[in-house]
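Everything below concerns the one structure shown next.
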């Protein structure tokens, strides 16, 4: 009986860790899919959707630090952005940036990060920058609480 109890206890620990690992994998996969298929998710709302590779905006952030436009802390915070997109609004010819936080389930922290990172990228690129949260699930009150953030819900597949 003691052996069975120990085995069940170990099984509970293993399942708890497995849940954490699967959630992390789901999040990573969701972010990757958003980057790879940005044209499908954002092309319905914007024109000329182009994902800017991280290596490109890293160079721009580094240059901005050296010029005193942003601090090292802002640079480091911006580095954790999920996706940066250059595009155009359908009714305007000028380009803008979408600062995208991708999350399976959206929370206040996602909207807050998108807004803070949009401020940083706006200073760095000197162009209109829109904070975006894209998720499978977005609570309605989140959209009301953060009216400056664009929320996009993906279709479950």
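The values are calculated or read from the model by the stated rules, or taken from the named source; none is laboratory data. Keep in mind it's a predicted model, so treat the numbers as computed, not measured. Positions of Cβ are generated from backbone atoms using ideal geometry, with glycine treated the same way; all protein chains shown enter the neighbour counts.
State which residue is nearest to residue 60 (Cα to Cα) when the search covers only the stretch 101-115 and only residues that are surrounded by 17 or more Cβ atoms within 10 Å (Cβ to Cβ) and touching a helix residue (DSSP H, G or I) at 6+ places or on another chain (Cβ under 7 Å).
101
What residue, among those in the stretch 66-83 that are closer than 13 Å to residue 119 by Cα and out of contact with any strand residue (DSSP E or B) (no Cβ under 7 Å at 6 or more places or on another chain), is surrounded by the most Cβ atoms within 10 Å (Cβ to Cβ)?
If we filter the stretch 66-83 for residues that are closer than 13 Å to residue 119 by Cα, which is where we start, we get 69-71, 74-75, 77-78, 81.
Pick out the ones that are also out of contact with any strand residue (DSSP E or B) (no Cβ under 7 Å at 6 or more places or on another chain) and you get 69-71, 74-75, 77-78.
Numbers: 69: 16, 70: 21, 71: 12, 74: 20, 75: 18, 77: 16, 78: 24.
Checked the stretch 66-83; the qualifying residue surrounded by the most Cβ atoms within 10 Å (Cβ to Cβ) is 78.
Give me the pairs, please: first residue somewhere in the stretch 43-55 and at negative phi, second residue anywhere and surrounded by fewer than 14 Cβ atoms within 10 Å (Cβ to Cβ) and at pLDDT below 95, beta-carbon distance under 6 Å, and either six or more positions apart or on two chains.
From residues that are at negative phi, the pairs are 47/90; 49/43.
Can you tell me how many residues in the stretch 116-149 are closer than 29 Å to residue 56 by Cα and surrounded by fewer than 19 Cβ atoms within 10 Å (Cβ to Cβ)?
Residues that pass the stated criteria total 9.
Table: residues versus (1) assigned to a helix (DSSP H, G or I); (2) more than 19 Å from the chain's Cα centre (by Cα); (3) at pLDDT below 95.
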residue	(1), (2), (3)
35	yes, no, yes
41	yes, no, yes
64	yes, yes, no
68	no, yes, no
91	no, yes, yes
96	no, no, no
101	no, no, no
112	yes, no, no
